[in-house]
Amino acid sequence: MYIIQAASELAPVAKVGGLGDVIHGLSKELVKQGHQVEIILPKYDCLLFEKLEQLKVVQRELCTFEGTNRYHNTIWSAEVDGLKVILIEPHHPSYYFNRERIYGCPDDVDRFAYFSRALLEYLKISNRHPDVLHIHDWPTALIAPLYRELFQPIGLRVKKMVLTLHNLEYQGKCDPVLLTRSGLNAEKLMHADLMRDLLTPSLANLLKGGIVLADALTTVSPHYEQQIKTAEGGFGLNEILLKHEKKLTGILNGIEDTFWNPEKDPHLIARYPAFPPFDEASWKKVLEGKRENRRHLRRHLGLNESNAPIVSSVTRLVPQKGPKLIKHALLKTLDEGGQFILLGSLAPLDIEKDFLELKENLAKNKNVAICMHHDESLAHLIFAGADMFLIPSIFEPCGLTQLIALRYGTVPLARKTGGLADTVFDIDTSELPEAERTGFTFDFPDNPGVNWVLDRSLKCWTQDQTKWQRLMQQGMKRDFSWKESVHRYLSIYSAQ
Ligand code: ADP
């Protein structure tokens, strides 16, 4: 099958969060199973160019339109970790992708609408007719209406248009003028059943356009599939999702087997076995490897050499991730004699200010490290060196960090919502047999919930290492590779 992934992120060259990991992992597994995959991205100036191989120009002058203006684009090709990538570089007076960042500009909708149209122009001009055009979240959702209204009528052939909903909080709401500027008939599309936003009817909703006009919809976990069809979890799109529920499927994300693998991870100071069976000798290597990484982590962050457990969090520090609960857990962990490491990125100003103040107040405390930036290498080291990994999300479509933590033998403490509920099973309360339980969960996103998981996990770690290590092993035995999920994607790609 010939599959094109139209995306705004790709790990490791353009990663903000889980979307980048998913495009990378899903594509790698599709290629492994014999399919032809191309990933099309904007040529951001902040790409990690050292990870792009064979970068070259394939087309100097691709023409596209924005309103009545015509702009040129240069098309590049490259390889990322063996994957074929096409990069679109606009020559536009607004320097759309030369902003030293991927998202977070006031004109984000204009930037990605421009990219969506240029991508379809490129498919048409280069005579590419994929079996599947897979679009992801609001940044590439406009491709569905553009294809139906403009490009299919002039002969572009896409057998199946699939939209994956990675996070419904972000929808690309905008003035309908953007539709006109993209070449669409705004009057026709600003209908309640099409692209009109249902909460703010004066606005167009790019994600909704994708939901209505894609052939198939997927989201990233079975629990999240159910939640987005409710008023509580649907961010105003629940009704339209219910209307289109026949084409919606929840497929759990995986994690890539080489990028996230303590056996091969180049960011670790000591590598250790990741996959079962764990006999006595290999389990000893796991414990030694983790100990070595923990020692290095403490030294690197200036923490006390100590026998205390390390509780950790690696996250975008946005409201979705429960920053108040993270702060509460940090203070409680210190009170209980543990150590806490937080690596948080992309915090809105008020949250950032709060955590910087906390960092200042705790500057002399050698049992806590608060790092407020994105750091791929440090993230890997934390997954390997920590004992526990906290994810107190208010909502969580799938969540990858709990899967990574499980693979690295770090026990997750997670709120039972979305994909977290599909992947972390409480040691005391899960309905699964004891041998299949993997962590500690809590139901309500409040301080008592956090206290409950922290109290139980710290007690288990301190008083019963045999039970603790059994829990680590049960987590490491879980298979979160992409293999199974890719079968499910393939059946959606090929369904008539
Ligand atoms: P989301 O996509 O909502 O941010 P996920 O759990 O799906 O959350 O994926 C998060 C990904 O981003 C993981 O690979 C995680 O390691 C990474 N990540 C999150 N915050 C940071 C950070 N501050 N530094 C490095 N990596 C981070």
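The values are calculated or read from the model by the stated rules, or taken from the named source; none is laboratory data. Everything numeric in this text was worked out from a predicted model, so none of it was measured. Using ideal geometry, Cβ is built from the backbone for each residue, glycine included, and neighbour counts are taken over all protein chains shown.
Tabulated results
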item: Residue that is surrounded by the most Cβ atoms within 10 Å (Cβ to Cβ), among those in the range 237-263 that are under 20 Å from the mean Cα position of the chain (by Cα) and outside any loop (DSSP other than H, G, I, E, B); result: G250
item: Qualifying positions in the range 328-345 - more than 16 Å from the ligand (Cβ to nearest atom) and in contact with a helix residue (DSSP H, G or I) (Cβ under 8 Å, 6 or more places away or on another chain); result: H328, A329, K332, T333, E336, G338, Q339
item: Residue in the range 279-289 that is away from the ligand (no atom under 16 Å from the Cβ), closer than 26 Å to T417 by Cβ and either at pLDDT 95 or above or of a type in the set (A, V, I, L, M) (or both) present; result: no
item: Identity of the residue in the range 165-206, touching a residue at least 60 places away in the same chain (Cβ under 8 Å) and within 16 Å of the ligand (Cβ to nearest atom), that ends up surrounded by the fewest Cβ atoms within 10 Å (Cβ to Cβ); result: E169
item: Search result, residues across the range 302-335 that are farther than 16 Å from M388 by Cβ, in contact (Cβ under 8 Å) with a residue 12 or more places away in the chain and surrounded by fewer than 21 Cβ atoms within 10 Å (Cβ to Cβ); result: G302, N304, R316, V318, P319, Q320, K327
item: Selected residue [surrounded by fewer than 18 Cβ atoms within 10 Å (Cβ to Cβ), modelled with pLDDT under 95 and away from the ligand (no atom under 16 Å from the Cβ)] from R60, R70; result: R60
item: G25 vs. criteria within 16 Å of the ligand (Cβ to nearest atom), buried (at least 23 other Cβ atoms within 10 Å of the Cβ) and touching a residue at least 40 places away in the same chain (Cβ under 8 Å); result: yes
item: Selection status of G20, in contact with an Asp or Glu (Cβ under 6 Å, 6 or more places away or on another chain), modelled with pLDDT of 95 or more and farther than 25 Å from D107 by Cα; result: no
item: Candidate set from the range 313-327 (those that are touching a Leu at 6+ places or on another chain (Cβ under 9 Å) and of a type in the set (S, T, N, Q)); member that is farthest from the ligand (Cβ to nearest atom); result: S313
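A quick yes/no check of all residues on (1) more than 27 Å from L403 (Cα to Cα); (2) touching a strand residue (DSSP E or B) at 6+ places or on another chain (Cβ under 8 Å); (3) assigned to a helix (DSSP H, G or I):
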| residue | (1), (2), (3) |
| --- | --- |
| L194 | yes, no, no |
| V212 | yes, no, yes |
| H223 | no, yes, yes |
| F235 | no, no, no |
| D265 | no, no, no |
| R271 | no, no, no |
